[in-house]
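What follows is a single structure, written as structure tokens, with notes after it.
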Amino acid sequence: MTIGDLVFSIVLLTGVVLGLLAGVGLHRFPDVFARMHAATKPSTLGLVLVVAAVAARLDDSSDTAKLLVVIILQFLTAPVGAHMVARAAHRAGGQMSPDTQVDELSEVRVDTSARGVPPQP
């Protein structure tokens, strides 16, 4: 086993473990906000590590470029999606865990009366 094989194995296994931890977090965390965090943070890094490990093993540079696009798109879409889910859950009145200490969105209220939705308290 060479040093390259060892590094490949460590990076790949780290990515897989982060994906597993994301799944466990989705199951164990108490509210939608914590679950959303678990679904995006470790799974994004896990995917990037797995894709980077695979890209390091490829001989064809066009395939490596395609995997680089996957990494870039993951970093662009996962945070935006998580932000949208969090705002939608907050606007819908999603209950936060009692352990939540800061609610930064509690002061941000949007007047939705123009769309036929009653204003939020």
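The values are calculated or read from the model by the stated rules, or taken from the named source; none is laboratory data. The model shown is predicted, which means the values in this text are computed figures rather than measured ones. So basically every Cβ, Gly included, is an ideal-geometry build from the backbone, and we count neighbours across all protein chains shown. When the accessible area is computed, the model is the full protein with side chains, heavy atoms only, and any ligands, DNA or RNA have been set aside. Shrake-Rupley method; radii C 1.70, N 1.55, O 1.52, S 1.80 Å.
Couple of notes before you dig in:
- The range 10-24 residues that are part of a helix (DSSP H, G or I), paired with ones that are of a type in the set (Ser, Thr, Tyr) and open to solvent by less than 50 Å² (accessible area, probe 1.4 Å) (beta carbon under 6 Å, 6 or more apart): 19/43; 22/43
- Candidates are the residues of the range 1-41 that are among the charged types (D, E, K, R) and either open to solvent by 40 Å² or more (accessible area, probe 1.4 Å) or under 11 Å from the mean Cα position of the chain (by Cα) (or both); the one that is farthest from residue 57 (Cα to Cα) is 28.
- Out of 74, 95, 101, 120, sole residue that is open to solvent by less than 50 Å² (accessible area, probe 1.4 Å) and either in a helix (DSSP H, G or I) or modelled with pLDDT under 80 (or both): 74
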